[in-house]
1. What accessible area per residue, rounded to a whole number of Å², is obtained for the chain using a probe radius of 1.4 Å?
2. Taking Cα pairs under 8 Å and at least six residues apart, what relative contact order does the chain come out at, in percent?
3. What 222 nm value per residue comes from the helices of the chain, counting each DSSP H run with n ≥ 4 as -39,500 (n - 2.57) and dividing by all residues, nearest 500 deg cm²/dmol?
4. If you plug each phi of segment 34-51 into the Karplus form 6.51 cos²θ - 1.76 cosθ + 1.60 with θ = phi - 60°, what whole-Hz ³J(HN,Hα) values come out, in order, with x for Gly and Pro?
5. Dipole magnitude of the chain about its Cα centre, charges +1 at Lys/Arg Cβ and -1 at Asp/Glu Cβ only, in debye to the nearest 20?
6. Between 17, 41, 55, whose Cα lies farthest towards the positive end of the dipole of the chain when Lys and Arg beta carbons carry +1 and Asp and Glu beta carbons carry -1, centred on the Cα centre?
7. Run the accessible area of the chain with a 1.4 Å probe and give the carbon-and-sulfur part as a rounded percent.
8. Roughly how much of residue 14 is accessible, in Å² to the nearest 10, using a 1.4 Å probe?
Amino acid sequence: RRLGVGRRAEKRGLLLYFDPSNSRFRIEVGPHLEGIFTDAFLGFVVREHTDAFLADTSAELAFRTTLIILHHRIRE
């Protein structure tokens, strides 16, 4: 909120956050995207996909493949 992510896009912002100090990945969405990206869906993506990639490979690959999943969800 402090950064104003999605403010100019009618609160349809999406923020991917990675903390390299502890290899934690988070996804935050604006209120108008919560119907598309539910907490359950995003929790699943982070737990079952992103965290697994971070454990075995690089953060870049985790980001790229997560973006592919999110893009697919938007197209659905």
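1. Heavy-atom accessible area per residue stands at 76 Å².
2. 20 percent
3. Helix contribution divided over all residues of the chain: -11000 deg cm²/dmol.
4. Residue by residue, segment 34-51 yields 5, x, 8, 10, 6, 4, 5, 5, 5, x, 4, 4, 5, 5, 8, 10, 5, 4 Hz.
5. My answer is approximately 440 debye.
6. 17
7. Carbon and sulfur together cover 53 percent of it.
8. It works out to around 60 Å².
The values are calculated or read from the model by the stated rules, or taken from the named source; none is laboratory data. Treat the numbers as computed from the prediction; the structure is a model and nothing was measured. In this analysis, Cβ positions are derived from the backbone assuming ideal geometry, glycine residues included, and neighbour counts consider all displayed protein chains. Ligands, DNA and RNA are stripped out before the accessible areas are found, and what is left, the full protein with its side chains, is counted by its heavy atoms. Shrake-Rupley method; radii C 1.70, N 1.55, O 1.52, S 1.80 Å.
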